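Following: one structure in structure tokens, then a few remarks.
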Amino acid sequence: MPIPSSLIPSRFLTLIAHLIIVIDIFWSRRNNVLACLPPTYTPQEYQRRDTELVVALSVTLGMFLIELLGFFSGISMFSSTQNLISIGTHASASVALLFFLFEQWPCNTYWWIFAFCSTLPACVEVVLMVTVFVLKKKPL
């Protein structure tokens, strides 16, 4: 079954859009960290929340690395299942993270967005890599 030719560029564009938004949040995380804190907070509370957000963003960047490796190596580039999962999750993440950035949502909201929109496509990517390299099968 041939893959629709529009899925590959769409996947790339949504993946890059999500990546750019995550990098932008990384650079301007101060307002989001302040949104996580009560009106009176200690420097230790600020530092803890800032570290939490930095860790979340760093893990997200690691997930991007896994997914971009699979995409650019061609392992999952022509997998229509992975393309559709990736397009849906990264487009959703882009919209949700724009609200997270502009509306200054609390930091724990980022973990929900991360769980549904970054972990799922990265896990499917790892499964495809195992299928290709270990089981020596053609990806779906």
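Results for (1) under 19 Å from Thr119 (Cβ atoms); (2) of a type outside the set (A, V, I, L, M), shown as yes or no for each residue.
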site	(1), (2)
Ser28	no, yes
Leu37	no, no
Thr42	no, yes
Arg48	no, yes
Glu52	yes, yes
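Do we have Gln82 as assigned to a helix (DSSP H, G or I) and of a type outside the set (Lys, Arg) here?
Details: assigned to a helix (DSSP H, G or I): yes; of a type outside the set (Lys, Arg): yes.
Taking the combined requirement at face value, the residue satisfies it.
Among the numbered conditions (1) more than 30 Å from Pro39 (Cβ to Cβ); (2) assigned to a helix (DSSP H, G or I), the only one that Phe99 does not meet is (1). Against the list (1) more than 18 Å from Tyr110 (Cα to Cα); (2) surrounded by fewer than 17 Cβ atoms within 10 Å (Cβ to Cβ), the condition Phe12 fails is (2).
For region 128-140, the count of residues that are under 26 Å from Ser6 (Cβ atoms), part of a helix (DSSP H, G or I) and either at pLDDT 95 or above or touching a Lys or Arg at 6+ places or on another chain (Cβ under 9 Å) (or both) is nonzero. Filtered by the rule that a residue be under 10 Å from the mean Cα position of the chain (by Cα) and either free of Cβ contacts under 8 Å to residues at least 12 places away in the same chain or closer than 16 Å to Leu61 by Cβ (or both), region 98-123 gives Ile113, Phe114, Ala115, Cys117, Ser118, Thr119, Pro121, Ala122. Does at least one position in region 97-107 carry a residue that is surrounded by fewer than 20 Cβ atoms within 10 Å (Cβ to Cβ) and either within 20 Å of Ile66 (Cα to Cα) or among the β-branched types (Val, Ile, Thr) (or both)? No, because not a single residue in region 97-107 is surrounded by fewer than 20 Cβ atoms within 10 Å (Cβ to Cβ) and either within 20 Å of Ile66 (Cα to Cα) or among the β-branched types (Val, Ile, Thr) (or both).
Only a single criterion out of (1) over 23 Å from Val132 (Cβ atoms); (2) surrounded by 14 or more Cβ atoms within 10 Å (Cβ to Cβ); (3) modelled with pLDDT of 95 or more; (4) among the aliphatic types (A, V, I, L, M) is not satisfied by Ile87, namely (1). Filtered by the rule that a residue be among the basic types (Lys, Arg) and closer than 19 Å to Ser94 by Cβ, region 5-62 gives Arg11, Arg29. Only residues that are crowded, with 16+ Cβ neighbours inside 10 Å, at pLDDT below 95 and of a type in the set (Ser, Thr, Tyr) were counted across region 36-60, and they come to 0. Tallying residues that are farther than 25 Å from Arg49 by Cα, more than 9 Å from the chain's Cα centre (by Cα) and among the polar types (S, T, N, Q) within region 83-97 yields 2.
The values are calculated or read from the model by the stated rules, or taken from the named source; none is laboratory data. Quick caveat: nothing in here was measured; it's all calculated off a predicted structure. Because the Cβ atoms are built from the backbone with ideal geometry, glycine has one as well, and the counts that use them run over all protein chains shown.
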